[in-house]
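In what follows, a structure is listed as C-alpha cells, so that the remarks can point back to it.
The values are calculated or read from the model by the stated rules, or taken from the named source; none is laboratory data. All values derive from a computational prediction rather than experimental measurement. Every residue, glycine as well, gets a Cβ built from its backbone with ideal geometry; the counts of neighbours run over all protein chains shown.
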Amino acid sequence: MDNLTHTLVGVTLANSGLSKKVGPGTTAVLAITSNLPDIDALWAYWNGGYSFLFRRMLTHSIVGVPLLAAAATFLFRLRYKELSWKTIFGLSLLGMGLHIVFDLLNSYGVSLLYPLSDRRFEWSVMFIIDLTMWSLLLSPFLLSRIKSRWTGLEHLSRLSLAGVAIYILLCVGGEIRGERMLEKTAKENNLKPSFSYVFPEVFGPQRFRGVLKQGNEYTLYLLHVWKGIAEPRGVLLTDEDSSEVKSVRAIPLAQTLEWFYKAPVWKVAQASGGGKEVEVYDLRFRSFVLPPRLGPFFFRFKGP
C-alpha cells in the first residue's frame, strides 16, 4: 500500500487505546515503524530504473523485519527511556507486521521468505492506492473535531479499524467472486488457459481485471463482480516465441523481469532508426480505468 495508508494504520491503532495503555511514544513508534520496511526505496539511488525489481524483499521478509525491529528499538530507546526494550521491540514488530500485511493486499508481491526464497506472495485483492481506505482511516481525525459523547478520538479510531477490517473482507469477497467468474467465462468460451489471474482495479472492489492466457494470446475482461458481468476488453498477442524476443529473453535483465512480471507481454516493433526493438510490459500494471501510460514497468530493448 501507499505510505499514507501505512502511516494512518499505525496512528489509528495507537489512538484506539494502545497509546493510553502503553504510554508516550507509542504513536511515534507505530507511525514510523509502519513505514520502516519501505527503507528499501533507497535502493533506487543505486539501481535507478530497475529499483522496483528489488522492492519488498529483505526489509519485508521474516528474516529482515526482526533485524529492522531490533535496530529501531535501539534508536527509539534513546528517545523514550520510559518504555522498556521489550515494549518498543513489540511495538516495532507490530508496526512492521501491519506494513507487511497491508502490502500483501495488492498485486505487487512481497518476498516474505527472502533470502531463503525470492518467491513473491500476494493476495491481490486491493489496488495499491485505495481512496476508501484513506476515507476510513482519516475519518476519526475529522469527526473528532465535532464535540459529542460519540466523537471521541479513541472510540472513532476503533470504529475506523473495524471498518477497515470489513472493507478488506469485502475486497477478498470481490476477488474470490472474480476468480469464479473468470473460470466460468473461460469454460463458456471453450478456453483452456495456461494462466488465469484476477488483478485488483482502481476505485474500489466492485471491479477486477481478469486475464486468461492460452498459447500466445491474452484474453482480457473487466469483471463487474457484484453485477456478475464479465465485460470483454479484447485480446492481446504476445510475441514471446519470436526469434527477436527469444534472444532478448536470454539477457539476465530480461530474465529478472520475467521473474518479477505476472503477465508479461512481449512485442517486436520497428525501431525509429531502422531495425527491430523488443518491448515488454506487465498486464498487472495496465488498468482498464486509468489512462494508459508506460510507467516504470515498461522496458524497451534495442536491436542491432
If I filter the range 272-295 down to residues being in a helix (DSSP H, G or I) and not basic (Lys, Arg), which single residue comes out as nearest to MET57 (Cα to Cα)? PHE285
Condition first: in a loop (DSSP other than H, G, I, E, B) and either assigned by TED's automatic domain parsing to the domain that holds ARG119 or among the hydroxyl-bearing types (Ser, Thr, Tyr) (or both). Now tell me which residues in the range 246-271 satisfy that. TYR261
Counted residues in the range 99-122 being within 30 Å of GLU154 (Cα to Cα) and surrounded by fewer than 18 Cβ atoms within 10 Å (Cβ to Cβ) come to 1
Only one of LYS192, LYS213 is modelled with pLDDT of 95 or more, more than 18 Å from SER107 (Cβ to Cβ) and either in contact with a helix residue (DSSP H, G or I) (Cβ under 9 Å, 6 or more places away or on another chain) or of a type in the set (Lys, Arg) (or both); which? LYS192
Picking from LEU191, LEU159, LEU170, the residue that is without any contact (Cβ under 8 Å) to a residue 40 or more places away in the chain and not in a helix (DSSP H, G or I) would be LEU191
Starting from residues that are part of a helix (DSSP H, G or I) and among the charged types (D, E, K, R), keep the ones in the range 1-59 and report whichever is modelled with the lowest pLDDT. ASP40
I'd like to check something: does the range 269-287 contain any residue that is in contact (Cβ under 8 Å) with a residue 40 or more places away in the chain, surrounded by fewer than 12 Cβ atoms within 10 Å (Cβ to Cβ) and either aromatic (Phe, Trp, Tyr) or closer than 25 Å to THR132 by Cα (or both)? no
So how many residues does the range 112-156 have that are under 21 Å from MET1 (Cβ atoms), out of contact with any Leu (no Cβ under 7 Å at 6 or more places or on another chain) and assigned to a loop (DSSP other than H, G, I, E, B)? 8
Selection status of SER51, closer than 23 Å to SER124 by Cβ, outside the structural domain of VAL198 (by TED's automatic domain parsing) and either surrounded by fewer than 17 Cβ atoms within 10 Å (Cβ to Cβ) or over 15 Å from the mean Cα position of the chain (by Cα) (or both): yes
Is at least one residue of the range 56-75 of a type in the set (Ser, Thr, Tyr) and within 16 Å of TYR114 (Cβ to Cβ)? yes
Residues of the range 203-260 being of a type in the set (Ser, Thr, Tyr) and within 20 Å of LYS187 (Cβ to Cβ), in sequence order, are TYR218, THR219, TYR221
Across (1) at pLDDT 95 or above; (2) farther than 30 Å from PHE208 by Cα, ARG158 clears everything bar (2)
Across the range 1-34, which residue is nearest to LEU58 (Cα to Cα) among those that are surrounded by fewer than 20 Cβ atoms within 10 Å (Cβ to Cβ) and polar (S, T, N, Q)? ASN3
Subset of the range 130-152 [of a type in the set (A, V, I, L, M, F, W, C) and surrounded by 16 or more Cβ atoms within 10 Å (Cβ to Cβ)]: MET133, LEU136, LEU137, PHE141, LEU143
Kindly indicate which of VAL125, VAL65 is closer than 21 Å to THR33 by Cβ, in contact with a helix residue (DSSP H, G or I) (Cβ under 8 Å, 6 or more places away or on another chain) and in contact (Cβ under 8 Å) with a residue 12 or more places away in the chain. VAL65
Out of THR219, THR256, sole residue that is at pLDDT below 95, of a type in the set (Ser, Thr, Tyr) and under 25 Å from the mean Cα position of the chain (by Cα): THR256
